[in-house]
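Let me begin by presenting the structure, written as structure tokens, before commenting on it.
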Amino acid sequence: MRSTATDLRALSRRGFLAALGGLAAGPVFAASPLAESLSGREADEGMPLFASAYRQENGDYGIGIVDGFGQILARVSLPGRGHGIAVAPDRRRLVAFARRPGTFALIISPFEAAEPRLLSAEPGRHFYGHGCFSGDGRLLYAVENDFDAARGVIGVYDTSGRDIRRLGEFGTGGIGPHDLMLAPDGRTLVVANGGIRTHPEKPREKLNLDTMAPSVVFLDSLTGDLLAEHTLDPVLHQLSLRHMALDAQGRAWVGGQFEGAESETPPLVGVFSRDKAPDLREIPSPVAAGLRNYIGSVTANASGEIIATSAPRGGQTLFWNAATGDFIGAQTIPDGCGVAPIDQGSFLISDGNGALSLVSEPDGGAEVLARPPGISWDNHLFSLS
């Protein structure tokens, strides 16, 4: 592990631009509905690609695919507000999920001559905005709400054919599952149960703040069996555990959203392993005081050695040394929430004001690469490369 002074300095602006063409990327867009706007861009075949949900100035929603310069290459419309995106292992398919309590997911094959496919939630269920694929890319796992029974479930879908089939579901052992990931073993699912009960009849109302019980669980993706469960100290029962990323050691870094008193500053970032107690990381007091108790996105750099956790309400993105757990700096980006890795040290950050910014070191400034007019980026940004 290099010193933290150089961890995020790997690419200067000049080095970043020179390296873009050499970074590995997925196949170039073929002739498809999403690729029609890409004529004349054949020189960008090696460009890294990213995807995010967005809102247009006229109120329409969609998914935008952007390059490493922040330029929108293609768009696809959504029937409502999007949130997270599951990227298939081969990087050739995306699934864009509705924001809670939405009931749609859109399956997009941007490199093929195929129209997006709409996936609707089962009756009595809605999506929580996130999902992931199995290691072979055949199955899609989606976090869902069994809202009348007030329990979280994982919906399992077979995506191998033209028609998407729901194979079944299994419980998450908690309420309000928000994010999930496939562990490095290719079989274990890691799920962040936010602990907040909701119901679509009261779409954004939180119904159980006094009895919240967030947790991170490890589940067998084949059987649904609970392999491990980690809860927080009762004094932190209102710290909703939400978004996650895996580091180089396969541990889950989890960001929280505190639903307690605004005057409190609880730890908002923790490290969770299957066989160890949660390790909650300390944020320096001057930084923590301005975060408004909310972490929006969590991601790791390409090597898993640096973790980025965005706090859009506080306008800060925090960086961590994954090996030691040390806080190594913060970058000011107003309403910056979506974060995706570019390489070993640099990150692309999207914000609600429409900008896409390059950060190559935690305290060296963020450079706005692009600000597409009339666009407000949603909470998350995903690498397709």
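Since every read-out is calculated from the coordinates, none of them should be taken as a lab result. None of these values were measured; they are calculated from a predicted model. Using ideal geometry, Cβ is built from the backbone for each residue, glycine included, and neighbour counts are taken over all protein chains shown.
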How high is the relative contact order of the chain, in percent, with contacts defined as C-alpha pairs under 8 Å that are six or more residues apart? 13 percent
Calculate the tail of P(r) for the chain: the fraction of all Cα-Cα distances greater than 35 Å, expressed in %. 19 percent
Could you give me the ³J(HN,Hα) list for segment 77-90, computed from phi with Karplus coefficients 6.51, -1.76, 1.60 and θ = phi - 60°, whole Hz, x at Gly and Pro? 6, 10, x, x, 5, x, 9, x, 9, 8, 10, 5, x, 7
With label points set 7 Å from each Cα along the Cα-to-Cβ direction at A323 and T211, the distance between them in nm comes to 4.7 nm
Rounded if a/c is under 1.5, else prolate if a/b beats b/c, else oblate: with a ≥ b ≥ c from the C-alpha gyration tensor eigenvalues square-rooted, which is segment 259-352? oblate
Just subtract the alpha-carbon distance of L226 and N58 from 0.36 nm times their residue separation and send over the number in nm, one decimal. 56.0 nm
Mind grabbing the base-10 log of I(q)/I(0) for segment 118-255 at q = 0.13, 0.17 Å⁻¹? Debye formula, identical points on the C-alpha positions, no solvent, two decimal places. -0.53, -0.89
³J(HN,Hα) across segment 372-385 via Karplus (A = 6.51, B = -1.76, C = 1.60, θ = phi - 60°), whole Hz, x for Gly/Pro? x, x, x, 10, 10, 6, 7, 5, 10, 10, 10, 7, 9, 9
Amide H of R93: which non-local residues (sequence gap of 5 or more, or other chain) have their own amide H closer than 5 Å, using H built in the peptide plane? A88
Given Cα pairs under 8 Å that are at least 6 residues apart, what percent is the relative contact order of segment 87-196? 19 percent
Amide H of E112: which non-local residues (sequence gap of 5 or more, or other chain) have their own amide H closer than 5 Å, using H built in the peptide plane? A30
So what J values fall out for segment 52-67 if you push phi through Karplus, 6.51 cos²θ - 1.76 cosθ + 1.60 with θ = phi - 60°, rounded to Hz, Gly and Pro as x? 7, 6, 8, 10, 8, 4, 7, x, 6, 10, x, 10, x, 10, 10, 9
What nm value, rounded to one decimal, do you get for the distance between V368 and Q249 when each label is placed 7 Å out toward the C-beta? 3.9 nm
What is the set of long-range amide H partners of V339 at a cut-off below 5 Å, with H atoms built 1.01 Å from backbone N? S350, L381
